[in-house]
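Here the structure is laid out as structure tokens; the discussion comes afterwards.
Bear in mind that the values in this text are calculations on the coordinates, not laboratory data. None of these values were measured; they are calculated from a predicted model. Ideal geometry is used to build each Cβ from the backbone, glycine not excepted, and the neighbour counts take in all protein chains shown.
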Amino acid sequence: MIGRDDSDDNIVLTVFVHNTRGGAIASKLIGHFLLKDQEFKFTAIAFGRIGGHNVSLGLSIKAKEKIRKMGLDPDNVQLAVQRKLIEGDVILPEGLKLRE
């Protein structure tokens, strides 16, 4: 049995979305997430309708290296952020809404 200690289910982070733009099918998201008191910026493209909801998340190589040095798998952290974005488990500035 493979251990799941660093799976995206066990990663505690908070996602903040600063800005969104786009249409009904795809939107660009700009934000950051906090992981162990460290801030990581991201950009993402959120897709809907075609094949269900999905998010393509971009992290810099530097951010991935920093996450790895924290003892976490960057791929699992990305999955955790994507999951929060898809589920709407994010903090938005007042007045900003994510499209459903």
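Cut-off is 10 Å between beta-carbons; in what order do S60, S27 appear when sorted fewest neighbours first?
Final ranking by Cβ density, sparse to dense: S60, S27.
Hey, fewest Cβ within 10 Å first, where do F42, F33 land in order?
F42, F33
Work out from phi, with θ = phi - 60° and the Karplus expression 6.51 cos²θ - 1.76 cosθ + 1.60, the ³J(HN,Hα) of each residue of the stretch 19-24, listed in order in whole Hz, and give x for Gly and Pro.
Rounded to whole hertz, the list is 8, 9, 7, x, x, 6.
If the chain between A24 and I61 were fully stretched, how many nm would it gain, using 0.36 nm times the residue separation less the Cα-Cα distance?
Between A24 and I61, full extension yields 10.3 nm more.
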